1. If you look at just the Cα atoms of chain B, how large are its Rg and its Dmax in Å?
2. Restricting to bridges with both residues inside the protein assembly as shown, how much of the DSSP beta-bridge set is antiparallel, in percent to the nearest 5?
3. May I ask for the Rg/Rh ratio of the range A:17-319, computed from Cα atoms with Rh as the Kirkwood radius, given to two decimals?
4. Taking N as the number of residues in the range B:515-635, what is its Cα Rg relative to 2.2 N^0.38 Å?
5. If the chain between A:Glu317 and A:Leu6 were fully stretched, how many nm would it gain, using 0.36 nm times the residue separation less the Cα-Cα distance?
6. Take the Cα radius of gyration of the range B:418-507 and divide it by 2.2 N^0.38 Å, with N its residue count; two decimals is plenty.
7. For the range B:3-93, take the alpha-carbon Rg, divide it by the Kirkwood Rh, and send me Rg/Rh.
8. May I ask for log10 I(q)/I(0) of the protein assembly as shown at q = 0.05, 0.07, 0.10 Å⁻¹, from a Debye sum over the Cα atoms as equal point scatterers with solvent left out?
Amino acid sequence: MPLELLKEKCSNAIDVVEIGATASEGGSRDRVVKVGGQTGLPFLFEEMDAPNKPQVAIEIFDTEPADWPDTLKEPYGEALKNPVDWAIKCEKEFKADLLALRLSAIHPDSGNKSADEAVKLIRDVLSAVKIPLIIIGCNDEAKDNLVLPKIAEAAKGERCLIGDALQKNYKTLTAACLAYGHNIIAESPIDINIAKQLNILISEMGFAVNRIVINPTVGALGYGLEYAYSIMERARLAALGGDRILSQAFICFVGQEAWRAKEAKTTAKECPEWGNELERGILWETVTASAFLQAGADILIMRHPKAIELIKKNIEELMKR
Amino acid sequence: MPKFKIAFYPDNKTIELEKGKTLLAAAISLGLNINSSCAGDGVCGRCKVLIKKGQVNSLPTGRITAEERKLGLCLACLTMPLSDVEVEIPQDSRVDLSKISEEEAYLSRLKGIYTKPETIEKSTPVINEDIFIHSPLATKLYLKMPKPTPEDKISDLERLYREIRKIKSIQIIQTGLANIRNLGNLLRSSEFKITVTLGNRNDTTEIVLIEPSNTSRKNFGIAFDIGTTTISGQLVDLNTKEILGTKATFNQQATFGSDIITRIIYAQKEEGLERLHHAVIDGMNNIIQELIQENKIDLNNVTCCVCAGNTTMIHLLLRVDPTYIRREPYVPTANFVPVIRSQEAGIKLNTRGLLACVPGISSYVGGDVTAGVLACGLDTEEELCLLIDIGTNGEIVLGSREWMISAAASAGPAFEGSGVSCGMRAAKGAIQRVRIDKSNYSVNYTTIASAEPQGICGSGYIDLIAQMLRAGIIDKNGKINDLKSERIRTGENGKEFILIDNVYISEADIDNLKRAKGAIYSAAAILVKHMGFSFQDVKKVFIAGGFGSYLDIENAITIGILPDIARQRFKFVGNSSLIGAREIILSSNAIHKAEDIARKITYFELSTDSGYMDEYVASLFFPHTDLKQFPNIKF
């Protein structure tokens, strides 16, 4: 008798979120990136369908990052000094599908750039590249509340993904994203309940739930990856079990976490027994990313072009039916 | 060791203090009332005092702002004198330990905790005195004994036993040496007409007291509920079962910490246990004094008292070290305390009077809960019931006549009016009911005794938060929305919503109340889930605590403190702990029943349950993160 596999069918699907708008939709992007839509747990194609594959966004900054190791700086070279050049390099050379621009220089303690400067930068980047844009604030509540609404207005029609909304600070950003037609990132501190609470709060302002992307907060390999993984898995199981308020795509800031690990940064000179730092750093980021793909990540924010290349290959293989 | 003179104003009291000791220690030694929720750890920031004169060394703290420092304010617990010092204790740094007046006590608002319990809305089975046979803890018998004759010359003591046994069939009778020593003279001087007081002591009967002449009509007892925040006492005529009066006061232990854990830690400090013990017995002795004076009763005719309290309170009452209650595996020194002489614990009744403690269940579910179960009759119910005590420790009991399981939620004193900016106990002038007009945010409120508003009590806070949610003033996370209204302002602890002049609620207050309600709801939810039920299976919910019947059920469900089930399933039992203690003082049957209940209830440890933290965080939302659990709440 042939063995028949037991198949699990889920009652609910993950919301599809569309990032970027083409000219016909009122924007100026050359493509619309769609994520979400899965009807089961990641890559179990026997049981589910996944109309959209996970996407990788390259993370760039509005100022040259101070704490990056040389191995990470090297592929971008001089472009690191100019965000627009950096954006172009990502699109042309590294074939990025998405760009995540972090406005770290608007922070009062590191640059304190004005809203006008930030708006100008966004306009420049939008005209320099054609791929959809993710825009992240500086983590200073007051400054983000001042700058992000202006950014949202300047990028009106482009259907960006803007973040991060927090439980204690979500109203201003939600209102701005609602007014100018953007998607929003809702960040929660590795806590499924707070993730859900924030989604309720945002949706109660009249914001469509399917335009929320959950940032569940992750940790790098060796730095709490398992915990973050289990929270994402639980949220996904709840979503597939019918919880509409948790049925959103996940965005994972993998690059930021992986490159903070000493295992990724320490040079071979400092620690000879750890071996070549370039290979080590790239793999640290890749392995972290691949774990979160299995947990259900829809958008990976990454840094090293080589790691991105490896993970894209991994995605292609995982998506084979 | 150099000593400095410390003078406290406006109390005008002075003490010599060794260098290196804190001003808080000095104030406590003088018995001054000073707020110290964290018991002197420098955490709560409530013991602010003003240095008027002299040099001090004050350890740095984030609880004093730069402005306050300039004014000369510092935390008494972190400040040591370097010279003679004059200190002023501001009113804000005092604990409100005022007594609850007779007038307040009989207001309908205080149904339950302060009113005659029989006026409480009866639940079924009714709290019925007739359930238990009338056989009080201490019984008086008037005996006209036959005098000894040549034909009848058994000893005085045997003669006494013989006369007692003619009335009551008691096999074993015990008598203390003190009574035997006096017996010969007393019998003869009183012409063999005496009143004997028999006490039920742990299944044996003791001759507690022998008095000349007939005092049998004057036999009184006092039932106590010793809460972490409030102590209540009720005077009962043990012959007629009549309730003669009820008094309540704040537990003065609050000076040493607002929750039991802080107090247990305080008990380990030098003289800590002693002070905590005195704080509770002082409160109880004051209540006794007031009750007997008002009723013109001689203290000698108060022959017994019964105390229901959480395990820590009972330990402190008896001056038993509570240390091991908070150390793993959380074992109390005693759950079943034998009946003792009240004098041994420092409770002033008749010098030979008895003190019984209602048996407890575990370190964190005490005799007050046993008494509560006894009072509401949960242990006799056919169907699944839930008892929720909305107090500082938030005890929950789930079960029926078949089985019972309990947990303690550690809700904190927010609903008792402590730890919130304008909180107060349910007393005259407390805002108890709030309605907010959605269109212009105008506030309509009623206060207890229709007095000038002084603050907000528990039921007022539940109403207020529910109304703010419905009016869209706060979001489901409890944060005040950016609205154009002069009622909203920004204060020290974030935004505030003003009800009237100086009465407001801040975002920090809402957070505090949210945690309290989350603790209670999640504890109940975990118990129900653990036993494989849902709230829909619970047929009756007994609500105990100071709210009495004034709690607005709809609003309590709106904020998510109570489950969203059919409203008629909720029953108010008021201060069920006090009612249970009274049952026990009036009937030895009730004592045995209480012992059975305490043995029958299983204690469930929430802190080691893997799901509790998750459930708790899910409850930190209005009404709840899982909106499906509150299908009827929409705003």
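1. 26.4, 99
2. So the antiparallel bridges amount to about 55 percent of the total.
3. Radius of gyration relative to Kirkwood radius: 0.94.
4. 1.19
5. 109.6 nm
6. Normalised by 2.2 N^0.38 Å, the Cα Rg of the range B:418-507 equals 1.00.
7. 0.91
8. For the protein assembly as shown at q = 0.05, 0.07, 0.10 Å⁻¹, log10 I(q)/I(0) is -0.40, -0.72, -1.18.
Here, each number is a calculation from the coordinates, and none is a lab measurement. Keep in mind it's a predicted model, so treat the numbers as computed, not measured. Glycine gets a Cβ as well: all are built from the backbone with ideal geometry, and neighbour counts include every protein chain shown.
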